[in-house]
Amino acid sequence: MARPTRRFLLPFLVSALVACVHTNSAVLDPSVKYQRVCPGAVVIHTAPEKVGKPYREVALLNSKGETSWSIDEPKAGRKIIGAVLGTGSERKGKALAIYVPEDSVHNAEVCAVKV
């Protein structure tokens, strides 16, 4: 459960925060073409064993982002975000994009629905 201070400050901080994130990918087998998937059909798994179905590794993803603040003192933003969220201002992440053949029909149904 989040502390009341964090629940109050987080929306304020997020609205004041401007993040610039860059992601690049390394496709593992460029000769294989997959059908595009809409964002609504994307599922995020936090570990390979949580997929629970056979899958194919498609690409390695690398993201890096730096947060910035719209206040005059650049280091103040880092101090505030670090104190509230317990992190620094630079974020890095690595992920693996996978294709789950068993989910193809479900993905097509989800992506066919127009909002």
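The values are calculated or read from the model by the stated rules, or taken from the named source; none is laboratory data. Keep in mind it's a predicted model, so treat the numbers as computed, not measured. Every residue, glycine as well, gets a Cβ built from its backbone with ideal geometry; the counts of neighbours run over all protein chains shown.
Things to note:
- Any hit, the stretch 45-68, residues being among the hydrophobic types (A, V, I, L, M, F, W, C), over 18 Å from residue 28 (Cβ atoms) and at pLDDT below 90: no
- Residues within the stretch 20-40 that are among the hydrophobic types (A, V, I, L, M, F, W, C) and modelled with pLDDT under 90, tallied: 4
- Residue pairs meeting the criteria (Cβ under 7 Å; at least 6 apart or on separate chains; first assigned to a loop (DSSP other than H, G, I, E, B), in the stretch 40-56; second surrounded by 13 or more Cβ atoms within 10 Å (Cβ to Cβ) and of a type in the set (Phe, Trp, Tyr)): 55/99
- Contacts under 7 angstrom Cβ, first residue in the stretch 11-29 being over 18 Å from residue 95 (Cβ atoms), partner modelled with pLDDT under 50 and surrounded by fewer than 11 Cβ atoms within 10 Å (Cβ to Cβ), 6 or more apart: 16/70; 18/70
- Residues located in the stretch 28-60, provided they are among the hydroxyl-bearing types (Ser, Thr, Tyr) and surrounded by 10 or more Cβ atoms within 10 Å (Cβ to Cβ): 34, 55
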